[in-house]
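The values are calculated or read from the model by the stated rules, or taken from the named source; none is laboratory data. Predicted model only: the values in this text are computed from it and were never measured. Cβ placement follows ideal geometry from the backbone for every residue including glycine, while neighbour counts extend to all protein chains displayed.
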Amino acid sequence: MSEQQQVGFVYDDRYLQHNPGLQRLWSTDSDLPFVEPTIHPSNYRLVMRTKHLLDFSGLIESLSRVAPYMATVDDIARYHTREYIERVQRICADGGGDTGEGAPAAADSYPIALLAAGGAMAAVDAVVSGEVRRAFANIRPPGHHAMQDKGMGFCIFNNVVIAARHAQASHGIERVMVLDWDVHDGNGTQDAFYDDPTALFFSLHQDRLYPAEFGLLDQVGEGEGAGYTVNLPLPPGSGDAAYLAAIENVVMPIADAFEPQLVLVSAGQDASTADPLGRMCLTTEGYRRMTARMIEIAEKHADGHLVIVQEGGYSETYAPYCTLAIIEALVGERTGIAEPLPLDGLRLQPQYGHVGASGEEAIAAIRAQYASYWPGLG
Ligand SMILES: [Zn+2]
């Protein structure tokens with residue numbers, strides 16, 4: 001067990017107030033008849049159950065509370081257009097609606113979206129100032145699909161991009177690395193950093209899941225930023241072994257060459273084996289080990305500066321345990337709490353310990369694609 005580290009934790013009950021409503025179908029403009037609605041997948045329960053699990057396990061006692069604050073319009077405008085920010089405000093003032101493509105806001109969602117972005121910023125402040133060594137931001141609504149001028153995929157403002165730009169503008173950080181392990185591609189983050197060599201972006205995701213037109217292997221960045229968008233599309237069913245192999249064989253050598261001064265993670269626990277929206281079969285142990293690799297990168301290059309920001313995760317029974325494993329890794333402690341899907345059983349799945357043939361092929365293709373930008377891969 002590693003030495004205990006001071007770890008910051010951002011959370012606020014106001015995050016529970018953002019209500020994306022009910023979901024009757026993926027397309028909400030269908031005419032009758034349709035079956036009974038279900039609660040929206042991006043509802044309040046993920047971050048609430050995560051907080052309860054931290055309380056119940058006692059791990060909360062090992063964390064330092066970092067208070068979130070509201071991002072200002074100027075903070076949000078470091079990525080989003082002012083026209084879009086005003087549109088979100090107007091949609092909420094009018095009682096709520098879609099902020100773009102599948103990113104619903106309710107009447108009171110605007111200030112909560114500002115508090116989500118400000119939560120990621122506060123985590124950056126706490127880490128960079130040395131108040132804590134690492135931090136986890138348990139925030140919502142999520143951010144990584146949000147584009148400059150529209151919400152997408154349950155995301156209103158791109159929290160991780162706004163936090164990265166804040167680190168660069170307010171803390172003198174030059175080189176930021178973002179790794180997105182959400183099962184979906186981080187299209188908004190890719191878009192924000194596409195021509196920017198100061199922000200290295202990795203997206204590990206299920207190949208062509210959502211949005212299908214982003215996160216493709218040939219999307220490598222452009223201009224000065226060519227090679228600094230690193231897409232790692234993996235086949236469905238990849239599992240812990242393939243994710244770890246992709247991190248060790250692609251992410252770590254590139255990070256060594258880039259030498260980030262701050263490491264941010266867009267953490268989607270929707271790559272878990274129990275997720276209703278993803279098919280990537282990660283276990284709590286996979287999340288624990290991926291976090292350990294991020295700590296290694298941050299300790300080696302970034303004076304330990306690591307901020308993990310909550311994105312998706314739709315198994316309300318299992319995803320909070322994946323988050324617990326992440327935070328246990330950040331702290332360097334194991335609570336030993338029993339999991340709803342015991343690891344002993346999950347370890348029998350082939351993808352737990354072995355990279356499948358399709359995973360090997362995908363990782364080889366990724367290495368070949370990026371070798372001309374990053375000689376360490378050659
Ligand atoms: Zn996702």
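Mind counting the residues in segment 157-175 that are surrounded by fewer than 23 Cβ atoms within 10 Å (Cβ to Cβ) and part of a loop (DSSP other than H, G, I, E, B)? The number of residues fulfilling the criteria is 5. If you filter segment 217-231 down to residues that are more than 18 Å from the chain's Cα centre (by Cα) and among the hydrophobic types (A, V, I, L, M, F, W, C), you find that the one that is surrounded by the fewest Cβ atoms within 10 Å (Cβ to Cβ) is 226.
For segment 181-192, which residues satisfy the criterion of being of a type in the set (Asp, Glu) and more than 10 Å from the ligand (Cβ to nearest atom)? Result: 191, single match. Within segment 298-338, the residues that satisfy the criterion of being within 16 Å of the ligand (Cβ to nearest atom) and touching an Asp or Glu at 6+ places or on another chain (Cβ under 8 Å) are 311, 312, 313, 314, 315, 318, 319. In segment 140-154, the residues that are under 14 Å from residue 40 (Cβ atoms) form Cβ pairs under 9 Å with partners that are within 12 Å of the ligand (Cβ to nearest atom) and of a type in the set (A, V, I, L, M), at six or more places apart or across chains, as follows: 140/46. Residues that are crowded, with 24+ Cβ neighbours inside 10 Å and in a loop (DSSP other than H, G, I, E, B) within segment 181-199 comprise 181, 182, 183, 184, 185, 186, listed in sequence order.
Rundown of residues vs (1) under 27 Å from residue 299 (Cβ atoms); (2) within 16 Å of the ligand (Cβ to nearest atom); (3) touching a Leu at 6+ places or on another chain (Cβ under 9 Å), yes/no style:
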| position | (1), (2), (3) |
| --- | --- |
| 90 | no, no, no |
| 101 | no, yes, no |
| 109 | no, no, no |
| 124 | yes, no, yes |
| 129 | yes, no, no |
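When segment 193-222 is limited to residues that are closer than 20 Å to residue 369 by Cα and out of contact with any strand residue (DSSP E or B) (no Cβ under 8 Å at 6 or more places or on another chain), the one that is farthest from the ligand (Cβ to nearest atom) turns out to be 197.
Okay, residues lined up against (1) among the hydroxyl-bearing types (Ser, Thr, Tyr); (2) part of a helix (DSSP H, G or I):
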| position | (1), (2) |
| --- | --- |
| 291 | yes, yes |
| 295 | no, yes |
| 299 | no, yes |
| 325 | no, yes |
| 336 | no, no |
| 348 | no, no |
| 358 | yes, yes |
| 367 | no, yes |
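The residue pairs whose first member lies in segment 30-45 and is closer than 19 Å to residue 278 by Cα and in a loop (DSSP other than H, G, I, E, B), whose second member is modelled with pLDDT under 90 and of a type in the set (A, V, I, L, M), and whose beta carbons are closer than 8 Å, counting only pairs six or more residues apart or on different chains, are 40/22. Would it be correct to say that residue 178 is within 16 Å of the ligand (Cβ to nearest atom), touching a residue at least 40 places away in the same chain (Cβ under 8 Å) and part of a strand (DSSP E or B)? When the stated conditions are applied, residue 178 passes them.
Quick one: is residue 188 closer than 29 Å to residue 122 by Cα, at pLDDT 95 or above and more than 14 Å from the chain's Cα centre (by Cα)? The answer is no for residue 188.
Let me confirm something: among 251, 230, which residue is part of a strand (DSSP E or B), closer than 29 Å to residue 303 by Cβ and more than 14 Å from the ligand (Cβ to nearest atom)? Before the answer, list the steps.
Values: 251 fails: part of a strand (DSSP E or B).
Just a single option satisfies the conditions, and that option is 230.
Tell me which residues, restricted to segment 264-297, are hydrophobic (A, V, I, L, M, F, W, C) and either within 15 Å of the chain's Cα centre (by Cα) or within 16 Å of the ligand (Cβ to nearest atom) (or both). The answer is 264, 265, 267, 271, 274, 277, 280, 281, 282, 290, 294.
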